[in-house]
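To start, the structure under review is shown below, and the notes come after it.
The values are calculated or read from the model by the stated rules, or taken from the named source; none is laboratory data. Bear in mind the structure is a predicted one, so any value in this text is a computation, not a measurement. In this analysis, Cβ positions are derived from the backbone assuming ideal geometry, glycine residues included, and neighbour counts consider all displayed protein chains. Heads up: the accessible areas ignore ligands, DNA and RNA and are worked out on the full protein's heavy atoms, side chains in. Shrake-Rupley method; radii C 1.70, N 1.55, O 1.52, S 1.80 Å.
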Amino acid sequence: MMNDAKKKELKRFSKQIQMEIVKMISHVPAGHIGGSLSITELLSVLYNKQMKIDPKNPNWADRDWLVLSKGHCGPALYATLALKGYFPMEMLETLNAPGTDLPSHADRNHTTGIDMTTGSLGQGASTAAGTALGMKMDKKENVVYLILGDGELNEGQVWEMAMMASTKKLDNLIAFVDFNKLQLDGRTDNDDVCNLGDICAKFTAFGWYSQRVDGHDVVAIDEAIDNAKAKKGCPSVIVMDTIKGNGWSRIADTAGSHSRGVSQEELKEALAEIQAAMDEI
């Protein structure tokens, strides 16, 4: 059971991530803000409670791994890593700049703390499963956490991975689906692009342990991860109901939040709204 102090810590850290995301994207013409804002509670729970990490030793052999398969949402992970001390906060201002170590999509060759290069949707799913299989073969206890976008589930590669992961009984693999109901060209919960239907039922049919939670509830996320860790003999998926652009009402649940710029006036507005929400925690 999570105590009130920890719950408050996790919620406030999530808001700090959101503030850094909008500040980062205000420095560039456009950035993937909507899908970055929808995973901040998850990242807060992972990096402040669930994952074995050491920011002073980012290549620690016994660390847990995070694969952000929806790699275009790197700003959320960059903000998290900076706040945890993997690199100086000042680096966040260099997002997408020439010669930057914070490119638009996550790249392990550039950014301290990034475990896997991602961006081509679907491929992160396969590399996460491969990493988990390697850990199993080496008899290591590391957990591999995989974050998938809901639109990313249109990729057949994800389902090839799902079949392999259950066959190999990868119970050290925990996947999350950021089910914010929007992708670049339309909604994912109707026929705009490709209706995803019952995501949990699909993963269950592939042999996974499936759960569905409120993706903005840190307690629900934490409890679901505990359940997943306790489940042996199969991989786990946690489908998170989220809001694209969560935290900033101007863009929340709008298709235009996928990639956009943030003007200086909008920056003031967004930061004030996020700060007000933080003050209420």
Requested in this report: Determine whether the range 72-84 contains at least one residue that is basic (Lys, Arg), in a loop (DSSP other than H, G, I, E, B), out of contact with any strand residue (DSSP E or B) (no Cβ under 9 Å at 6 or more places or on another chain) and closer than 16 Å to Ile17 by Cα.
Outcome: yes
Requested in this report: Only residues that are under 30 Å from Phe179 (Cβ atoms) and either among the β-branched types (Val, Ile, Thr) or open to solvent by 40 Å² or more (accessible area, probe 1.4 Å) (or both): list them for the range 61-111, please.
Outcome: Val67, Thr80, Leu83, Lys84, Asn96, Ser104, His105, Arg108, His110, Thr111
Report task. Output the number of residues of the range 243-264 satisfying the condition of being within 18 Å of Val28 (Cβ to Cβ) and among the small types (Gly, Ala, Ser). Result -> 6
Query raised in the report: Val237 passes all but one of (1) assigned to a helix (DSSP H, G or I); (2) surrounded by 17 or more Cβ atoms within 10 Å (Cβ to Cβ); which number fails?
Result: (1)
Query - Among (1) under 22 Å from Lys15 (Cβ atoms); (2) charged (D, E, K, R); (3) not in a helix (DSSP H, G or I) - the single one Asp222 does not satisfy - result: (3)
Report task. Take the residues in the range 172-189 that are part of a strand (DSSP E or B) and surrounded by fewer than 21 Cβ atoms within 10 Å (Cβ to Cβ), then tell me which one is modelled with the lowest pLDDT. Result -> Gly186
Requested in this report: Mind listing whichever residues of the range 190-212 are buried (at least 17 other Cβ atoms within 10 Å of the Cβ), under 18 Å from Thr167 (Cα atoms) and among the polar types (S, T, N, Q)?
Outcome: Ser210
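Residues are listed down the side, and each one gets a yes or a no for (1) assigned to a loop (DSSP other than H, G, I, E, B); (2) more than 30 Å from Lys139 (Cα to Cα):
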site: Asp191; (1), (2): yes, yes
site: Lys202; (1), (2): no, no
site: Lys232; (1), (2): yes, no
site: Ala277; (1), (2): no, yes
Report task. Output yes when any residue across the range 242-256 is under 23 Å from Thr131 (Cα atoms), of a type in the set (A, V, I, L, M, F, W, C) and either open to solvent by 20 Å² or more (accessible area, probe 1.4 Å) or assigned to a loop (DSSP other than H, G, I, E, B) (or both), and no when none is. Result -> no
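Looking at the range 144-171 only, could you name the residues that are in a loop (DSSP other than H, G, I, E, B) and buried (at least 23 other Cβ atoms within 10 Å of the Cβ)? Give the derivation first.
Within the range 144-171, the first condition is being in a loop (DSSP other than H, G, I, E, B), and the residues that meet it are 150, 155, 168-171.
If the condition is that a residue be in a loop (DSSP other than H, G, I, E, B) and buried (at least 23 other Cβ atoms within 10 Å of the Cβ), then Asp150, Leu170 are the ones that fit.
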Requested in this report: Within the range 229-251, track down each residue that is farther than 30 Å from Ser166 by Cα, touching a residue at least 40 places away in the same chain (Cβ under 8 Å) and either touching a Ser or Thr at 6+ places or on another chain (Cβ under 8 Å) or small (Gly, Ala, Ser) (or both).
Outcome: Gly245, Asn246, Gly247, Ile251
Report task. State all residues of the range 223-234 that are buried (at least 17 other Cβ atoms within 10 Å of the Cβ) and either among the aromatic types (Phe, Trp, Tyr) or over 21 Å from the mean Cα position of the chain (by Cα) (or both); if no residue qualifies, say none. Result -> Cys234
Report summary line: For the range 1-12, pairs from a residue that is aliphatic (A, V, I, L, M) to a residue that is in a helix (DSSP H, G or I) and open to solvent by less than 80 Å² (accessible area, probe 1.4 Å), with Cβ under 7 Å and 6 or more apart or across chains, are Met2/Val219; Met2/Asp222; Leu10/Ser44; Leu10/Val45; Leu10/Asn48; Leu10/Val218
Requested in this report: Hey, can you tell me all the residues within the range 112-143 that are part of a loop (DSSP other than H, G, I, E, B), open to solvent by less than 20 Å² (accessible area, probe 1.4 Å) and among the hydrophobic types (A, V, I, L, M, F, W, C)?
Outcome: Ile114
Requested in this report: Considering every residue within the range 67-84, establish whether at least one is more than 21 Å from Val218 (Cα to Cα), over 14 Å from the mean Cα position of the chain (by Cα) and of a type in the set (A, V, I, L, M, F, W, C).
Outcome: no
